[in-house]
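What follows is one structure encoded as structure tokens, with my remarks underneath.
The values are calculated or read from the model by the stated rules, or taken from the named source; none is laboratory data. On a predicted model such as this, the values are computed, not experimentally measured, just so you know. As a convention, Cβ positions derive from the backbone with ideal geometry for all residues, glycine included, and neighbour counts pool all protein chains shown.
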Amino acid sequence: PPEDPGLVVRDLAVNYGPVTALRGISLSVPRGSIVAVLGGNGAGKSTLLRAVSGTLRFHRGGITAGEIVFGRTRLSGAAASAVVARGVVQVPEGRRVFARMTVEENLRAGALGARDRRAAAGARERVHTLFPVLAERARQRAGLLSGGEQQMLAIGRALMARPAMLLLDEPTLGLAPMMAARIAETVREINAQGTTVLLVEQNAAMALSLASQAYVLEVGEVVLSGPAADLARSDEVRRRYLGIE
Ligand code: ATP
């Protein structure tokens, strides 16, 4: 509905001290959609997610211009905990699970505001249905899971907060093609269940197959954007990001 535009980023600039990482970034992620952000190493993809999730300050970065709005709430300037409370949850790159804690303890750590125990139980059931292996390995240490299973756990932990929107940072990085395909399929399923997704990926083919809209970042600026299907056909994207001459 037009009264809820989802996530809107307007003319965003981000610096790390003297380093400008993003400038003039504008994009939107309509409620219920998957939007992809593509770009090579250092293009600023992680920085964009950190700006949305309120975690820039942990990396000595800051927003110097523009604004980020989700629904009716301004996220720019909000603390990370306030962003999560608004339903916007980041799955960090490198699937940082708590390696020495069990799978179950990792999931519990994601269930914020566990005052509502029935809600937490419902969230856990959703996670276990999406990723049965997390139920099978509930008592195992997370550090003993395979790379793909750790990615599942990282996504599952984020889902425990019952997010309206997920920020996914390179969920298939370093995974074998079969596992990457499974993760992609799950992202599609999570979205079909009603969760809005902002997906940052170097795997352009995968991201463009999931997303409705996509943006290409280069050295901190949006250089190309449009419907994902159009970008997948664009000669420039095919040459530079899909490896097709
Ligand atoms: P990657 O996939 O390698 O993470 P990326 O597209 O996510 O790349 P960012 O990590 O957002 O890119 O980095 C964007 C720019 O900001 C780069 O030039 C990077 O060197 C710089 N940068 C990132 N984090 C910091 C930091 N904590 N301090 C200083 N500069 C940083």
Here is a list: 143, 122. Which entry is farther than 17 Å from residue 88 by Cα, without any contact (Cβ under 8 Å) to a residue 60 or more places away in the chain, out of contact with any helix residue (DSSP H, G or I) (no Cβ under 9 Å at 6 or more places or on another chain) and not acidic (Asp, Glu)? 122
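Whether any residue in segment 172-194 is within 17 Å of residue 41 (Cβ to Cβ), assigned to a loop (DSSP other than H, G, I, E, B) and touching a helix residue (DSSP H, G or I) at 6+ places or on another chain (Cβ under 7 Å) is what I want to check.
At the first step, the residues of segment 172-194 found to be within 17 Å of residue 41 (Cβ to Cβ) are 172-174.
Filter once more, keeping what is assigned to a loop (DSSP other than H, G, I, E, B): 172-174.
Narrowing further to those that are touching a helix residue (DSSP H, G or I) at 6+ places or on another chain (Cβ under 7 Å): 172, 174.
There is at least one residue in segment 172-194 that is within 17 Å of residue 41 (Cβ to Cβ), assigned to a loop (DSSP other than H, G, I, E, B) and touching a helix residue (DSSP H, G or I) at 6+ places or on another chain (Cβ under 7 Å).
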Right, residue 27: within 16 Å of the ligand (Cβ to nearest atom), within 20 Å of residue 190 (Cβ to Cβ) and either among the basic types (Lys, Arg) or touching a residue at least 60 places away in the same chain (Cβ under 8 Å) (or both) or not? no
What are the pairs, 6+ residues apart or on separate chains, where a residue within segment 67-93 that is surrounded by 14 or more Cβ atoms within 10 Å (Cβ to Cβ) has its Cβ under 6 Å from a residue that is polar (S, T, N, Q) and in a loop (DSSP other than H, G, I, E, B)? 67/76; 68/76; 80/55
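Name the residues in segment 67-83 that are within 16 Å of the ligand (Cβ to nearest atom) and touching a strand residue (DSSP E or B) at 6+ places or on another chain (Cβ under 7 Å), would you?
Pass one, segment 67-83, residues within 16 Å of the ligand (Cβ to nearest atom): 68, 80.
68, the sole residue that qualifies.
From the list 77, 66, which residue is over 14 Å from the mean Cα position of the chain (by Cα), more than 27 Å from residue 192 (Cα to Cα) and assigned to a loop (DSSP other than H, G, I, E, B)? Outline the logic, then answer.
Details: 66 fails: assigned to a loop (DSSP other than H, G, I, E, B).
The match here is 77.
Are any residues in segment 119-151 among the β-branched types (Val, Ile, Thr) and more than 21 Å from the chain's Cα centre (by Cα), and if so, which ones? Can you show your working first?
Taking segment 119-151 and keeping what is among the β-branched types (Val, Ile, Thr), we get 127, 129, 133.
Residue satisfying the conditions is 133 alone.
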Consider segment 18-43. How many of its residues are at pLDDT below 95 and on the phi > 0 side of the Ramachandran plot? 2
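Would you check which residues across segment 55-66 are among the basic types (Lys, Arg) and in contact (Cβ under 8 Å) with a residue 12 or more places away in the chain and list them?
Of all residues in segment 55-66, those among the basic types (Lys, Arg) come to 57, 60.
Answer for segment 55-66, where residues must be among the basic types (Lys, Arg) and in contact (Cβ under 8 Å) with a residue 12 or more places away in the chain: just 60.
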Within segment 156-163, is there a residue that is among the small types (Gly, Ala, Ser), in contact with a strand residue (DSSP E or B) (Cβ under 7 Å, 6 or more places away or on another chain) and in a strand (DSSP E or B)? no
For residue 56, all conditions in the list (1) away from the ligand (no atom under 15 Å from the Cβ); (2) surrounded by 15 or more Cβ atoms within 10 Å (Cβ to Cβ); (3) of a type outside the set (S, T, N, Q) hold save one; what is the number of the exception? (1)
Just to verify a result, which residue in segment 33-51, among those that are part of a loop (DSSP other than H, G, I, E, B) and more than 6 Å from the ligand (Cβ to nearest atom), is surrounded by the most Cβ atoms within 10 Å (Cβ to Cβ)? 33
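Would you point out which residue out of 175, 168 is free of Cβ contacts under 8 Å to residues at least 60 places away in the same chain and within 16 Å of the ligand (Cβ to nearest atom)? Give the derivation first.
Working: 168 fails: free of Cβ contacts under 8 Å to residues at least 60 places away in the same chain.
Result: 175 is the single residue among 175, 168 that is free of Cβ contacts under 8 Å to residues at least 60 places away in the same chain and within 16 Å of the ligand (Cβ to nearest atom).
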With the condition kept exactly as written, say whether any residue in segment 7-24 is touching a Ser or Thr at 6+ places or on another chain (Cβ under 8 Å), within 16 Å of residue 225 (Cα to Cα) and surrounded by fewer than 16 Cβ atoms within 10 Å (Cβ to Cβ). yes
